[in-house]
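Only one structure is covered here, and it is reproduced in the block below.
Nothing in this text is a laboratory measurement; each read-out follows from the coordinates by a stated rule. Treat the numbers as computed from the prediction; the structure is a model and nothing was measured. Cβ sites come from the backbone with ideal geometry, for glycine too, and all protein chains shown count toward neighbours.
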Amino acid sequence: MSLSNRFSRILLLLEKNYPEFRGGLANYSSPFQLLIATVLSAQSTDKQVNLITEKLFSHFPDPEAFASSSIIEIERYISKVGLYKNKAKFIFNLSKQLINEYDSIVPTSILELVKLPGVGRKTANVLLNDWFDIHEGIAVDTHVKRLSYRMGLTDNTDPNKIETDLQEIIPSEKWGRLTHLFISHGRAVCKAQKPLCKTCFLNEACPRVGVVEE
C-alpha cells in the first residue's frame, strides 16, 4: 500500500471514530481570545488553560484591556499555567503590537502571526485552522509529532519538518482536522506511554503496530 493510500485509510478510520472533537480549548469568543488561550497552552494542558480563561477574558476581553494593565497583574490571572511569567510578558507585548501595528485586528496569515511575541507556527496554525478556517499549515503538537512518526508518515523529529512531510501527503482542507484527530487518538489509544496497539482500530494501516507497545 502506498503512503498516500495508507494515510487515506488512516484518515478515514480516525474520522469515523472521532467525529466530534474540535479542539480542547474553551471559553473564548473572538480570534484574539483564542490566540491568547493558545499561547497559554504551550507546555500546559488545555484543562489548566480552561480553568483560568473564563475569568481572564472577563477582565481582559481585548488587546486594549491587556495593554492598559501591567505584566504583574496579568501574572496574577495566569499563574496556574506553566511558564506564566514569560507568557504574561508575551501577552502584554503581543497586545500592544496588535494595537500599534494591526489596529487591534488579529492578522490572518502565518507570516504576520509569527511576528507577534510568543506566537510560533503551531499557535498560528491552531488559530487559522480553528477560527478562520484558513489552512496554511498543520499545527504539530506533541500528539501529532508522536503519531506521525509511529504511523510512518515522517522520519523527522523537528516540528517544522514534520509539518512539511505531512503537507505533502494530506489535502490542505484536512490540515486543521488532522491535528484534532491525532490529539483524540493520542489521548485515547496511541499514548506516549503504553500505547494500546492490540486494540487499536488503525492496526491494518499502521506499520509499527506492536513495536511501540509495552
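For the chain, what does -39500 (n - 2.57) per DSSP helix run (n ≥ 4), summed and divided by total residues, give at 222 nm, in deg cm²/dmol to the nearest 500?
Calculated at 222 nm, the ellipticity per residue is -16500 deg cm²/dmol.
How much net charge surrounds TRP175 when only other residues with a Cβ under 13 Å from its Cβ are counted (Lys, Arg +1; Asp, Glu -1)?
Details: positive: ARG121, LYS122, LYS174, ARG177; negative: ASP130, ASP133, GLU136, GLU163, ASP165, GLU168, GLU173.
Neighbour charge sum, excluding TRP175 itself: -3.
Compute and list, largest first, the equivalent-ellipsoid semi-axes of region 110-211 from the alpha carbon gyration tensor, each √(5λ) rounded to a whole angstrom.
Taking √(5λ) for each eigenvalue gives 26, 13, 13 Å, largest first.
Below 15 angstrom from the Cβ of ASN100, what's the summed charge of the other residues (Lys, Arg +1; Asp, Glu -1)? Don't skip to the answer; put the middle values down first.
On the way: positive: LYS96, LYS115; negative: ASP62, GLU64, GLU101, ASP103, GLU112.
Neighbourhood net charge equals -3.
When N is the residue count of region 1-45, what does its C-alpha Rg come to as a fraction of 2.2 N^0.38 Å? Don't skip to the answer; put the middle values down first.
On the way: Rg = 15.8 Å, N = 45, 2.2 N^0.38 = 9.3 Å.
Scaled against compact globular proteins, the figure is 1.69.
Given the options ALA42, ALA188, ALA88, state which has the largest fluctuation in a GNM of the chain using a 10 Å cut-off (strictly under) for Cα springs.
Largest GNM mean-square fluctuation: ALA188.
Could you give the angle, 0 to 90 degrees to the nearest 10, between helix 3-17's Cα long axis and the longest principal axis of the Cα atoms of the chain?
Helix 3-17 sits roughly 70 degrees off the main axis of the chain.
Can you tell me the equivalent ellipsoid semi-axes for the chain? Use √(5λ) from the Cα gyration tensor, largest first, whole Å.
So the equivalent ellipsoid measures 34, 18, 14 Å along its semi-axes.
How much length is gained if the chain between ILE72 and THR142 is pulled fully straight, taking 0.36 nm per residue apart and subtracting their Cα-Cα distance, in nm to one decimal?
Numbers: separation 70, 0.36 × 70 = 25.20 nm, distance 3.00 nm.
Taking 0.36 nm per residue and subtracting the Cα distance, the gain is 22.2 nm.
How many nm separate the modelled label positions at ALA188 and ASN100, each set 7 Å beyond the Cα in the direction of the Cβ?
Spacing of the two 7 Å Cα→Cβ label points: 4.6 nm.
For the chain, set up a GNM with springs between Cα atoms under 10 Å and report which of PHE90, PHE60, PHE201 has the largest fluctuation.
Fluctuation is largest for PHE201.
Just to confirm a number: summing +1 for Lys and Arg and -1 for Asp and Glu over residues other than ARG9 whose beta-carbon lies under 13 angstrom from that of ARG9, what do you get?
Combined, the nearby Lys, Arg, Asp and Glu give 0.
Any chance you could get the radius of gyration and Dmax over the Cα atoms of region 31-132, in Å?
12.2, 32
Taking the chain as a Gaussian network, where each spring joins two C-alpha atoms under 10 Å apart, which residue of LYS194, LYS145, LYS80 fluctuates the most?
Greatest mean-square fluctuation among the candidates belongs to LYS194.
Which whole-angstrom value gives the distance between the alpha carbon centres of region 80-95 and region 112-126?
That distance is 14 Å.
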